[in-house]
Amino acid sequence: MCGIVGAVAQRNVVPILIEGLKRLEYRGYDSAGIAVIDHEHCLARTRSVGKVRELEGRLDAHMEGTTGIAHTRWATHGRPATENAHPHICRKTVALVHNGIIENHATLRRAQMQLGYEFTSETDTEVIVHEIYRRLEETSDLLAAVRAALPSLRGAYALGVITNREPDRLVAARRGSPLVIGVGIGEHFIASDVAALLPVTQRFIFLEEGDIADVTRDAVTIYDAQGARVERPIKQSKLSADAAARGEYRHYMLKEIHEQPRAIADTLENRIGLERVYEQAFGHAATDLFADIEAVQIVACGTSYHAGLIGRYWLEGLASLPCTVEVASEFRYRKPRVAPHTLFVTLSQSGETADTLAALAYARELGFAHTLAICNAPESSLVRGSELVLMTQAGPEIGVASTKAFTTQLVALLLLVAVLGRRHALSPEGETHIVQLLRSLPGQIEQVLGLDAAVQAWVPFFANKQHALFLGRGTQYPVAMEGALKLKEISYIHAEAYPAGELKHGPLALVDSDMPVVAVAPNNELLEKLQSNLQEVRARGGELFVFADAQNAIREDAQTHVITVPPTDDLLAPIVYTVLLQLLAYHVAVSKGADIDQPRNLAKSVTVE
């Protein structure tokens, strides 16, 4: 899940490439590198371990070039090290950046070593640059060399390739990893994400699976997987260059937490009326396709998986539709029995998560009735590969720990519950109730954001702890899972979530005065049972931290800390309480001096298995 950026222009591209890397750093920050073809037609390269600022500090002030490529890495094959950083170069002639994994790299490496090629890294990527160089020696044409080399690669890739033998040319290719082309005037660019190129263009071509692009200053020529020349449409991005700016906030994550009222309002815009959800928001064929649905299968990864688990409660409880939820990386290796008339729903922030894309492909083989993607990236592979689509309209999410993407996914799932439920168990009054609650949701999120100071007051109780336990019941169990994930992601405190009723089946053995126990306690039919579970914690000397609805009877005592939450309808409680857990994780991580937006070992868009 690395980040790629490249350019062919009439001006010095080094500043453009560096700025692009900064905007792609969410995709990886173990190391970074840049290579340009300088004025003497030599490949000049600089690489460094760490973040883009480390690379920027090592750049030679005289490094210039009008053609170049750059890369920010999330390590897969080979540790984070300068020699493993991209771009990789073969014999001072070909330079290459790569996002993805080459599965047969060991076989290729052995064959290339027998041919006399020297390896300077531990990466799978280096075999690609050697293979392209070998083909270039045979053809003397970079495009032909890349096209000849690709069939020998097994795996996933997005590539940017340059050679000093053709200094005004860049060749790009993609299979299984995202890649876009930015269209300028007398200049063109490539990147893993449009956000990297917004300072220089808002016009983009989205490469399709198997495409190869021949990019020069004045033209882009694209060939499909069969080698035929094709035209791909140029699309105008609605994002502005400052859409991903941090603004007044200390971290992107905090900014994105506070953007949730607006993100939710944007997700609802033009999708709900006074009493109904407009099912056309899912696509022009939605009405006919939804009429055929009798069950739902949700597949996702990480935070999106937690959203799917909450969605299952809603689909079963409100729409009376059977629903199963699975982690994509597990689903794709099972042989499930597919019930007739089942809608296959994928959830993803980026739309490029490798396991989710593979699960979607597998779903087609298995014969699911129809497919729906709930996603935040309109031109992503997931969106393009699904019959129906609902965009979450969260806007750019830079922080690796997902916040607004998660809550807007939950809003999207409620919209889905309404349009499917009206064909089954959901009454018109029930749908109107959902719509009215959704209209009130941005205001409710604003209210709980006002509890930020109360959340910060809990920080000293967590800052020096090594472990934490999160508890919830019903729809609040997946919320507890999400809260635990956030805390472990950014503070590195080991945190686990359990259904509160499972305490006595094992987790209670861990409870003592040194393990904070966080509970989410809305005022619902499970509150009394949750209170009994919390008594089990007290009896073992545990210290409780409870987010409690103002109408319930949980009160503070020597072992119990309570933040009172404004009364919230049980349907919206998973979204409202999630925001408080996000704030808790954020403030604890800040107190520990952690890297909030770029936690160690993680990256935003997981484009490898």
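Just so you know, all these numbers are worked out from the coordinates, no wet-lab data involved. From a predicted model like this one, the values you see are computed outputs, not experimental measurements. In this analysis, Cβ positions are derived from the backbone assuming ideal geometry, glycine residues included, and neighbour counts consider all displayed protein chains.
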Along each of its three principal axes, how wide is the spread of alpha-carbon positions in the range 3-236, in whole angstrom units, largest first? 46, 43, 34
Sorted by average packing, counted as other Cβ atoms within 10 angstrom per residue and highest first, what order do 48-59, 463-474, 389-400 take? 389-400, 463-474, 48-59
Quick one: grab Rg to one decimal and Dmax as a whole number for the range 449-601, Cα atoms only, in Å. 14.2, 42
The range 3-236, relative contact order in percent, only Cα pairs under 8 angstrom and at least six apart counted: 20
Sort 446-456, 183-193 for me by packing, meaning the mean count of neighbouring Cβ atoms within 10 Å per residue, highest on top. 183-193, 446-456
Between LYS235 and GLN280, Cβ-based FRET efficiency (R0 22 Å, step 0.05) works out to 0.55
Helix 354-366: inclination vs the chain longest Cα principal axis, degrees, rounded to 10, gives 80
What does the net charge come to around THR201 if you take all other residues with beta carbon closer than 14 Å to its beta carbon, with K and R at +1 and D and E at -1? +3
Roughly how many whole Å is it from the C-alpha centroid of the range 156-189 to that of the range 287-321? 39
For the pair ASP224 and GLU502, how long in nm is the line joining their label points, each one 7 Å along Cα→Cβ? 4.7
At 7 Å along Cα-to-Cβ for each site, give me the label-to-label distance between SER440 and SER513 in nm. 4.3
Estimated 222 nm signal from helices in the chain, with DSSP H stretches of n ≥ 4 weighted -39500 (n - 2.57), rounded to 500: -10000 deg cm²/dmol
Three-way shape label, the range 103-176, alpha-carbon gyration tensor, a/c 1.5: oblate
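Any idea what the relative contact order of the range 156-236 is, in percent, if you count C-alpha pairs under 8 Å spaced at least 6 apart?
This gives 26 percent for the range 156-236.
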Alpha carbons only, please: Rg and Dmax for the range 247-426, in angstrom. 15.6, 51
Which FRET efficiency value, to the nearest 0.05, is calculated for GLN559 and THR324 with the Förster distance at 35 angstrom and r the Cβ-Cβ distance? 0.35
So if each residue of separation counts as 0.36 nm, and I subtract the Cα-Cα distance between ARG58 and HIS341, what length gain in nm does that give? 96.1 nm
Segments 218-228, 304-314, 364-374 sorted - mean Cβ within 10 Å per residue, highest first: 304-314, 364-374, 218-228
Going down the list LYS255/LYS488; LYS51/LYS592; LYS51/LYS486; LYS404/LYS504; LYS22/LYS255, which pairs span over 25 Å between their C-alpha atoms? LYS404/LYS504
Calc'd 3J(HN,Hα), the range 4-18, phi into Karplus 6.51 cos²θ - 1.76 cosθ + 1.60 (θ = phi - 60°), Hz, glycine/Pro = x, comes to 10, 8, x, 7, 10, 8, 8, 10, 5, 8, 4, x, 5, 5, 5
Can you tell me, using C-alpha contacts under 8 Å and at least 6 residues apart, the relative contact order of the chain as a whole percent? 12
